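Asks: First, the structure itself, so that you have it in front of you.
Here, each number is a calculation from the coordinates, and none is a lab measurement. Fair warning: this is a prediction, and the values are worked out from it, not measured in the lab. Positions of Cβ are backbone-derived with ideal geometry, glycine not excepted, and every protein chain shown enters the neighbour counts.
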Amino acid sequence: MSKDPALELKDIHKTFGDHEVLKGISLEAHDGDVISILGSSGSGKSTFLRCINLLENPTQGSICFNGEALQLKPGATDLVAADMKQLTRMRQKIGFVFQSFNLWPHMTILQNVMEGPLHVLKRPKQEVLEYAEYLLNKVGIADKKHMYPNQLSGGQQQRVAIARTLAMDPQILLFDEPTSALDPELVGEVLGVMRGLADEGRTMLIVTHEMNFAREVSSEVVFLHQGLVEEKGTPEKVFGSPDSERCKAFLSTAF
Ligand code: ADP
Ligand code: MG
């Protein structure tokens, strides 16, 4: 029996006012898939990623996690969650790493990583502490655990943000341009951590402009253009011989 996709999005639309930003995007991610989402600025990458866990409400479409449909009902302009408990439960399975890290500035690195499992998942403190230390070690920041975010470089902060996301034991990881806010010399350390997660078999959707990275780690590459999937396939196909002229033009400027 084939397993349901971890994530299945069908015909996702999103309109802001009279601007239709997403015009019907479908995507499936199975366990262990690493899907890179490429596209020019304004093509709808962030909006699409945010629709997956209703940080943004789609105006049309359906979303399933592990075969379970997310219940949606019409709101004023968009589809909104019909069952907040279901949404909360599903959101806990989906980790989101933002471009801007979003660490809590008044908490130490260790407290940042422990906060969710301790206060949201209500796990025992000793267990949470040990897991947080394990994760900080994994992302190479263990020695900074008692420092505050503003005492760390951007690359270090983003690695903490990844550890904080992992601390919630997500099934799926979403990354929205995780290295775009970093100085070039700090990009590699964050991509290194992400590569390790891909090697572990984590299920990841990554919006990125790091083309070499996308080519190396992805099981599938999706190129968006004006709110539609313009090209998708294996990295070999999309980077090597894309059908779409727009995709070709985009890639020729990206390397
Ligand atoms: P990308 O991440 O590919 O750069 P975005 O998803 O951020 O693209 O944006 C796609 C389009 O949607 C852009 O034209 C942007 O201006 C518009 N947009 C995004 N968020 C909003 C919003 N909250 N309100 C109005 N327009 C938005
Ligand atoms: Mg974006």
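Asks: Given 0.36 nm per residue, what is the gain on full extension from His19 to Ala142 after removing their alpha carbon distance, in nm?
Replies: Numbers: separation 123, 0.36 × 123 = 44.28 nm, distance 4.55 nm.
My answer for the length gained is 39.7 nm.
Asks: Next up: Which value in nm describes the separation of the simple spin-label points at Glu68 and Ala254, placed 7 Å from the Cα toward the beta carbon?
Replies: It works out to 3.4 nm between the two label points.
Asks: Moving on to the next point. Based on Cβ point charges of +1 for Lys and Arg and -1 for Asp and Glu, what charge dipole magnitude is obtained for the range 5-251 about its Cα centre, in debye rounded to the nearest 20? Kindly include the intermediate steps, with their values, before the conclusion.
Replies: Numbers: 25 positive and 32 negative charges, 134 e Å.
With Lys and Arg at +1 and Asp and Glu at -1, about 640 debye.
Asks: Tell me the mean residue ellipticity at 222 nm calculated for the chain from its helices only (DSSP H runs of n ≥ 4, each -39500 (n - 2.57), averaged over every residue, nearest 500).
Replies: On the way: 9 runs with 90 residues, N = 255.
The per-residue figure over the chain is -10500 deg cm²/dmol.
Asks: Another one. Fully extended, how many nm does the chain gain between Asn212 and Glu185 (0.36 nm per residue separation, minus their Cα-Cα distance)?
Replies: Full-extension gain reported as 8.2 nm.
Asks: While we're here: Once fully extended, how much extra length lies between Gln226 and Ser100, figured as 0.36 nm per residue of separation less the alpha-carbon to alpha-carbon distance?
Replies: 43.0 nm is the gain from fully extending Gln226 to Ser100.
Asks: Which of Gln158, Leu38, Ala198 sits closest to the plus end of the dipole of the chain, meaning its Cα is farthest towards the positive end, when Lys and Arg get +1 and Asp and Glu get -1 on the C-beta?
Replies: Gln158
Asks: While we're looking at this one, here's another question. Calculated FRET efficiency, Gln171 and Lys237, Cβ-Cβ r, R0 22 Å, to nearest 0.05? Before the final figure, lay out the partial values.
Replies: Values: r = 27 Å, r/R0 = 1.23.
With a Förster radius of 22 Å, E is 0.20.
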